[in-house]
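Notes follow once the structure below has been shown.
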Amino acid sequence: MARKSSGLGERHEKILIYLKQFQDEAGYSPSIRQIGESIGVNSTSLVDYYLKQLEKSGYIERDAHVSRSIRLVVDPSAGNIKQSVKEKFNTAAETIQEMFSIPIAGRIVASAPIPIPTSDLSLFDSESTIDIARSMLPAKENIEELFALEVDGDSMIDAMVNDGDIVIMRRAIQANNGEMVAVWLDDNDETTLKYFFKEDGRIRLQPANPSMNPIYINNPEQVRIMGKVVMVIRQVQG
């Protein structure tokens, strides 16, 4: 389901109010994690997306290389936001893309392969989704072909995929060498997330963790590709 942004959204307003309250009490700005908690969002990528919108629209300023550097340009509690700032936001809002809810299909291991769940990855209920801004995805990406998986394990940490992160997948049945894919190993009813390589008549599933060895599959027909990684959504760890 898509939700079209129009002007200042509810989460934008909540962020501005939280920034004002936090800075008045603490004397400095909150962390990305604290902002996310204040609006009920675990994804640091999504929080950063909202902050970029507010920055582009003239509501806040920040130094991307300095933590806790957010500065309010407009007081959200004053009730007298300058019309020029409102117009600036509305102009920027025209370029803000739709927000999409992508279904979370279940969990994928980034470790040694584990048995495929009997429910075929349906570890989450049908209402489990993650919100993604359209502008965070490649321009030609077909939203209908996307699904999400929660990562379990640390075999892909050097690819910036950590335990608990969410990977956005594009449905696919084939892959090129070097692509990160979710694969099912039919002979053993196992599933895993790895880099894909076809070489010397066999398949190499390569982890991105120097402490782990690649997995070699001598029979390529055993490997069933279910999707390619499009992007990674970093999750705030407790």
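The values are calculated or read from the model by the stated rules, or taken from the named source; none is laboratory data. Small disclaimer: the values here were computed from a predicted structure and weren't measured. For neighbour counting, all protein chains shown are included, and Cβ atoms are generated from backbone atoms with ideal geometry for every residue, glycine included.
A few points about this structure:
- Members of the range 1-23 found to be farther than 30 Å from residue 150 by Cα, part of a helix (DSSP H, G or I) and modelled with pLDDT under 85, listed by number: none
- Residues in the range 180-191 that are buried (at least 20 other Cβ atoms within 10 Å of the Cβ) and touching a residue at least 60 places away in the same chain (Cβ under 8 Å): 182, 185, 191.
- In the set (1) closer than 21 Å to residue 226 by Cα; (2) acidic (Asp, Glu); (3) exposed (fewer than 15 other Cβ atoms within 10 Å of the Cβ); (4) modelled with pLDDT of 85 or more, residue 154 fails one condition alone, (3).
Residues are listed down the side, and each one gets a yes or a no for (1) surrounded by fewer than 19 Cβ atoms within 10 Å (Cβ to Cβ); (2) more than 23 Å from the chain's Cα centre (by Cα); (3) of a type in the set (S, T, N, Q):
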position: 172; (1), (2), (3): yes, no, no
position: 193; (1), (2), (3): no, no, no
position: 198; (1), (2), (3): yes, yes, no
position: 204; (1), (2), (3): yes, yes, no
position: 215; (1), (2), (3): no, yes, no
position: 222; (1), (2), (3): yes, yes, yes
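- Only a single item in (1) modelled with pLDDT under 90; (2) surrounded by fewer than 18 Cβ atoms within 10 Å (Cβ to Cβ); (3) under 29 Å from residue 136 (Cβ atoms) is not met by residue 177, and it is number (1).
- Among (1) assigned to a strand (DSSP E or B); (2) under 29 Å from residue 130 (Cβ atoms) - the single one residue 204 does not satisfy: (2)
- Some residue of the range 114-121 being within 23 Å of the chain's Cα centre (by Cα) and modelled with pLDDT under 80: yes
- Restricting attention to the range 163-203, the residues that are within 25 Å of residue 101 (Cα to Cα), out of contact with any Leu (no Cβ under 8 Å at 6 or more places or on another chain) and aliphatic (A, V, I, L, M) total 2.
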